[in-house]
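Okay, structure first, notes after.
Just so it is clear, none of the values below were taken in a lab; they were calculated from the coordinates. Small disclaimer: the values here were computed from a predicted structure and weren't measured. Neighbour counts are summed over all protein chains in view; Cβ atoms, including those assigned to glycine, are modelled from backbone coordinates with ideal geometry.
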Amino acid sequence: TRVMNAGPTSPYRSLLQAMVLIVREEGVRALYKGWTPSFVRMAPQTVLTFIFLEQFRGLYWNSYARHNCVKFE
């Protein structure tokens, strides 16, 4: 994110150089600083996606596929 947000006046030349500078200046934990908000945002979406996927698959199977095809599991 830092490399993308820095723009044309970026102090980083590459992703590897950015990682090295961040670790040198702020420590290894700085590489994982944004992980928690990202996980908090993505976890509910992922859970709901799987719930809806299973529900729609069941509806499809009960209404159409059971009569017209073979179920593979």
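Quick notes on this one:
- Remark: the chain is approximated by an ellipsoid whose semi-axes, taken from the C-alpha gyration tensor as √(5λ), come to 47, 14, 11 Å, largest first.
- Among residues other than Val23 with Cβ under 13 Å from its Cβ, the summed charge is +2 (Lys and Arg +1, Asp and Glu -1).
- Taking each residue as 0.36 nm, the span from Gln17 to Phe52 lengthens on full extension beyond its C-alpha to C-alpha distance by 8.4 nm.
- Rounded to the nearest 500, the helix-only mean residue ellipticity at 222 nm of the chain stands at -19000 deg cm²/dmol, with each DSSP H run of n ≥ 4 adding -39,500 (n - 2.57).
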